[in-house]
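Enquirer: Please read through the structure below; I'll follow up with questions.
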Amino acid sequence: MKSYLSLIPISAKVRKRQNRMTMLCIIISVLLVTAIFSMADMGIRMEKKRVTEEHGSWHIMLKEPTEKQIDQIAQRTDVAAVSHYDALNVDLSADYTIQGKTCVIAGGDHSILTEIYEDLTEGQYPVKENEILLSNGAKELLSVNIGDVITMHTPAGDFDYRISGFGGDVTITTDADVVGTFLSWDSFQSLAKAEESRLEPVCFVRFNENINIRRAISELRQTYGFTDEILSENTALLGITGFSSDSYIMGNYLIAVILFVLVLAAGVFMIAGSLNSRTAERTQFFGMLRCIGASRTQVMHIVRLEALYWCKTAVPVGVAAGIAGTWILCALLRFGAGAEFVQIPLFEISGVGIISGIIVGVLTVLLSSISPARRAAAVSPVAAVTGNFYENGNASRPVRKNFLKIETALGIHHAVSSRKNLLLMTGSFALSIIMILSFSVLVQWVNMALTPLRPWAPDVFYSSPDNLCEIEKSFVNQVENQPYVKRAFGRMYQSLPAEYEGKSGQIDLISYEEDQFRWAAEDLIAGDISDVAEGNGVLTVYDKSNSLKVGDTIWLEQTELTVAGVLEDSPFDTTDQPIVICSERMFTDITGEDAYAVLDVQLSSKASEQNVNELHALSDGHYDFYDRMAQNKDTQNTYFMFCLFVYGFLAVITLITVIHTVNSISMSVSARTKQYGVMRAVGMDDLQIKKMISMETATYTIFGLFAGCGLGLPLHYFFYTQMITDYWGTQWQLPSASVAGILALLVIVSLLAPFLPAKRICNMPITATINEL
C-alpha cells in the first residue's frame, strides 16, 4: 500500500453491501436530473418545430414601417431575415377569381417562404413579374402544374401569370375551396396599384440565434419609437426560447426553476444523509487511521475521494438510465398521447441532459461529502482506542426521563443530539413533502388546460353558418332520438350592445339549458347559480379582460341584467367581450329567438364512424358539422399520459423518501451498534430497543411534517396562483387530500423503516454488538 488512499478500493470491495444504498441514492439523483433536463430539451425541440410550422420563425412583426426603417433593420448584425408581406381579398368579398374559384392574393419577399416560414413545397419563388405561386390545395382544385399559365380575374381586369411553384399553406390560405396565390413583392405592389387598393404592409423580422432577443427588441423600440400597436411579438416562439415578455409564461419559467432546485436539493439531502450515516458508522475506523499516523487532511481526502470513487460507477449508470427513461417517455408521448406529440424526437440524445446529470451528480457528491469529511477528520485517536464517541468530542448530557419511558426518551435524544443529522433527516422529509405538494398542482393544471375532458365536451356538434339562431328544436329532437346519441344540448347566441361598469360595449349573450347549468355549478367561483336557471340573474365567465363581478348590473336596451355568479371555465373561446350566460327563457324574452346557434352532441361509447356520418347527413347542408371524436380521444390520451408522468414522478419522490429513510435509520442504528449492545448488556430488552429506534424515526417524521407543510403550503399557494388562479380565476384551497396522503405515507414509513434495523440488532449476540468495530 503506497498511501492511505489505496484503502478506498479495498474498502469498497469489503463494504459492497453497505455501500449499495449510497450508490443507489447517487444513481437516482443523476437519473432524475438527466431525465428532467433531457425531457425539457426534447420538449423544447418539439415545441420549437411545431411553433415554427404553425406560427413561423419570425420574432417580431412591424405594422406599416417605412422603407428606410426596413432597410436599416435589415442591415443590423443581429437580424437574420426581413420580409414585406400584405394580402388582397382576405375577407373574400371582392371579385378575384381563377377559373371561377375565389382567390386570395398575397405578396412578399423571397425570405418569407424560406426563412420566415418554411412554406415552399414545390418549385421556386415567383421572381419575375408575370410569375405566381399557388397554394397546395389549388394544385388539385384547378388541376394545374408548374409552368402552366393561368388567368386571374380582378375588378381591374384580367392578368396572366405563369405558375412557378406550390406552397403557401401558412402564408396564403388553407381553405380547400379558395385558391391561394403568392406574388413577388414588386409584382404584388404593381397589382395593388392597378387595383387602386390601399396597402397595409407588415414587415416580419427574424433575429439570429444565440443573441439576447429581448434586448434587441428593446433597442428597436427605443431607436424607432415603435409602440405596441406597431410592434407585435411572436409570443409562441419567444416563449419557447425564453425571451417572452408575457408574465404568465415567465411565471411558469420561474416555477420550472423552483421545481428543478427542489429536485436538486432532494438529491443533495439524500446523498448527504447517506454519506453522513456511513461516516458515523465508520467512526472507529477513521480513528484507527489517526492512530497509525494519518493526518486530518488525509482522512478528509479519503472520505471525499471515496465518494467520488462511487461516482465512477453510479454517474454513468444514472446517465444511461436517464437516457433510457427519456426514450421511453418520448415514445409513450408520441405513440400514446396523440397528435399533439407526433413531433417529439425519438431516440435522440440530449447533450444538455447528459452534461447536467454528470455535473450535478459529481457536484452533489462533493457538496454532500464536505460535512462527513470534517466529521471523520475530527475523530481523535484516543476516541478510537477507548471507544468513546461523542459529538464535538464532549460527552453528552445525561438523558432525563421525566414523564417519558427511558426507551422513548433515548429515542428522542438520539434524533436531536446531532443537529447536523437532524437537519439532514428533517430536510429530506420536508423536501419530499414540498415536492409532493408542488407537483400536485400540475395535475390540477392538466385538468384545467385540457378542456375537451370537461363534462360538456361534445363528440360532434352543429353550428349555424353565420352564428345565427337557426337550428330548430325539432332538429334537436331528431338528433337526440338516434340510438347512439347519449345527449344533445343547444345554446342560443347573440352579440348585444350593452352598458356595464360605466362604459358602453358589446356582450356575448348565451343561453344554457338544464344539463349545462348543472355542469356550470362545478365551475362556480363566486356567487350563486341556483336562481339563474329559473330566469333570475345571469352568469359571467372569468377572464383577464372581463372585470364583471357578482352584483354588477348590465343595462340592455329594454332590460337590465344582474350578475349572480362567476364561472372559472366555459366551452367558449375567450374574446374581448364579456360572456353573459342566462336561461333559455330569459334569452327568448330579450331577443325573441327560440332556436339554437350551436348544437352539441355527446355519443355513446359504442358509436362508430358510420354513426358520425349519419349525423352529418342529417344536417343536409343546412348547418356546419364538426367531428371532434378523434381530437377528444387524443386529448384523453394526452391527459392520461400527463397524469402518468406527474404521478410517476410523485411515485419516484415517494420512493426516494422511503429508501432514504430506511437507509438513514439503518445506518444510524449501525453507527450505534456498540451503544445498543451496552444497553442490552445492562438489561434493556428487545421490545425496548425496537421502541427506541421507532421513536427516533417518529421524531424525524414529526419534525419533517411540520417543516414540509410549513414551507410546502405557501409554495403550493404560489404555484396554484401563478398557474391556475391568474389564468382561470379559480381560488386556492387547502389541498387537504394531498396533506392527508402525505400524513398517511409518513406514518407508514415511520412504522416500517425501523423494522429491519431493530430486528438485526436484536438478533445479534450481545458480545458481538459490544465488540463491533
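Bear in mind these aren't lab numbers, they're just calculated from the coordinates by the rules spelled out. Computed from a predicted model, the values in this text were never measured in an experiment. Using ideal geometry, Cβ is built from the backbone for each residue, glycine included, and neighbour counts are taken over all protein chains shown.
Enquirer: Checking the table 312/420; 48/139; 420/759; 63/193; 312/759; 420/674 against a 23 Å threshold on Cα-Cα, which pairs fail?
Expert: Cα-Cα > 23 Å for 312/420; 48/139; 420/759; 312/759; rest within.
Enquirer: Oh, and also: Counting only other residues whose beta carbon sits under 15 Å from that of residue 153, what net charge do I get with K and R as +1, D and E as -1?
Expert: Residues close to residue 153 contribute a combined charge of -3.
Enquirer: Find the relative contact order for segment 61-233 and round it to a whole percent, using C-alpha pairs within less than 8 Å whose residues are 6+ positions apart.
Expert: Once divided by the residue count of segment 61-233, the mean separation gives 33 percent.
Enquirer: Further question: How about segment 524-623: which trypsin sites (Lys or Arg not before Pro) there lie in a loop by DSSP and see at most 14 other Cβ atoms within 10 Å?
Expert: Of the trypsin sites (Lys or Arg not before Pro), the ones in loops of segment 524-623 whose Cβ has at most 14 other Cβ atoms within 10 Å are 544, 549, 606.
Enquirer: Same structure, new question: What list of ³J(HN,Hα) couplings, whole Hz, do you get for segment 50-58 from phi and the Karplus terms 6.51, -1.76, 1.60, once you set θ to phi - 60° and write x for glycine and proline?
Expert: 5, 5, 5, 6, 8, 10, x, 9, 6
Enquirer: Output the peptides 152-162, 24-34 sorted from most to least packed, where packing is the average of other Cβ atoms within 10 Å over each peptide's residues.
Expert: 24-34, 152-162
Enquirer: Short version: ³J(HN,Hα) in whole Hz for each residue of segment 519-531, in order, from phi by Karplus 6.51 cos²θ - 1.76 cosθ + 1.60 (θ = phi - 60°), x for Gly and Pro, what are they?
Expert: Calculated HN-Hα couplings, in order: 5, 5, 4, 6, 9, 6, 10, 7, x, 9, 9, 4, 8 Hz.
Enquirer: Calculate the spin-label point distance for residue 143 paired with residue 74, positioning each point 7 Å from the Cα along the beta-carbon direction, and give it in nanometres.
Expert: 4.1 nm
Enquirer: Kindly work out what percent of the DSSP beta bridges joining two residues of the chain are antiparallel, to the nearest 5.
Expert: Taking every DSSP beta bridge within the chain, about 75 percent pair in antiparallel fashion.
Enquirer: Among 266, 738, 438, whose Cα sits farthest toward the positive end of the charge dipole of the chain (+1 at Cβ of Lys/Arg, -1 at Cβ of Asp/Glu, about the Cα centre)?
Expert: The residue sitting farthest along the positive end of the dipole is 266.
Enquirer: Could you compute the net charge surrounding residue 562? Neighbours are other residues with a C-beta less than 13 Å from the C-beta of residue 562; K and R count +1, D and E count -1.
Expert: -3
Enquirer: Give me the distance in nm between label points sitting 7 Å out from Cα along the Cα-to-Cβ direction at residue 101 and residue 444, one decimal.
Expert: Here the answer is 5.1 nm between the modelled labels.
Enquirer: Can you put 709, 643, 330, 582 in order, fewest other beta carbons within 10 Å first?
Expert: 643, 709, 330, 582
Enquirer: Along the Cα→Cβ direction, 7 angstrom out, place labels at residue 702 and residue 422. What is the inter-label distance in nm?
Expert: About 1.2 nm, to one decimal.
Enquirer: Okay, next question. Of 570, 208, 294, whose Cα points farthest to the positive end of the dipole of the chain (charges on the beta-carbon: +1 Lys, Arg; -1 Asp, Glu; origin at the Cα centre)?
Expert: 294
Enquirer: Using the Cα atoms as the points, what is the convex hull volume per residue of segment 460-629 in Å³?
Expert: With only Cα atoms used, segment 460-629 gives 114 Å³ per residue.
Enquirer: Taking 0.36 nm per residue of separation and subtracting the Cα-Cα distance, what length does fully extending residue 521 through residue 153 add?
Expert: The span from residue 521 to residue 153 would gain 127.0 nm if fully extended.
Enquirer: Mind ordering 697-708, 404-415 by average Cβ neighbours within 10 Å, highest first?
Expert: Per-residue mean Cβ counts within 10 Å order the peptides as 697-708, 404-415.
Enquirer: Using just the helices of the chain, give the 222 nm mean residue ellipticity in deg cm²/dmol: DSSP H runs with n ≥ 4 each add -39,500 (n - 2.57), and the total is spread over all residues, rounded to 500.
Expert: -17500 deg cm²/dmol
Enquirer: Could you compute how fast the chain diffuses translationally, taking Rh as the Kirkwood radius over C-alpha pairs and applying Stokes-Einstein at 25 °C with viscosity 0.890 mPa s? Give it in µm² per second.
Expert: Approximately 77 µm²/s, per Stokes-Einstein.
Enquirer: Right, here's the next one. Could you tell me the number of lysine pairs in segment 460-629 with C-alpha atoms less than 26 Å from each other, where the two lysines are 8 or more residues apart or belong to different chains?
Expert: Close lysine pairs found across segment 460-629: 5.
Enquirer: With bins 10 Å wide starting at 0, give me the P(r) of segment 667-762 over every alpha carbon pair, in whole percents.
Expert: 14, 33, 21, 16, 11, 5, 1
Enquirer: Roughly what percent of Cα-Cα pairs across segment 282-362 reach past 21 Å?
Expert: 54 percent
Enquirer: For the chain, what's the relative contact order in percent, using C-alpha pairs closer than 8 Å and at least 6 residues apart?
Expert: Across the chain, relative contact order equals 15 percent.
Enquirer: What list of ³J(HN,Hα) couplings, whole Hz, do you get for segment 347-354 from phi and the Karplus terms 6.51, -1.76, 1.60, once you set θ to phi - 60° and write x for glycine and proline?
Expert: 6, 9, 9, 9, x, 4, x, 5
Enquirer: Would you tally the net charge around residue 121, using a Cβ to Cβ cut-off of less than 11 Å, leaving residue 121 out, and scoring K and R as +1, D and E as -1?
Expert: Computed value for this residue: -3.
Enquirer: Run the numbers for residue 725 and residue 636: contour at 0.36 nm per residue of separation, minus the present Cα-Cα distance, in nm.
Expert: Fully extending the segment from residue 725 to residue 636 adds 29.7 nm.
Enquirer: Would you mind estimating how fast segment 61-233 diffuses translationally, via Stokes-Einstein at 10 °C and 1.306 mPa s with the Kirkwood radius over Cα pairs, in µm²/s?
Expert: Translational D for this selection: 94 µm²/s.
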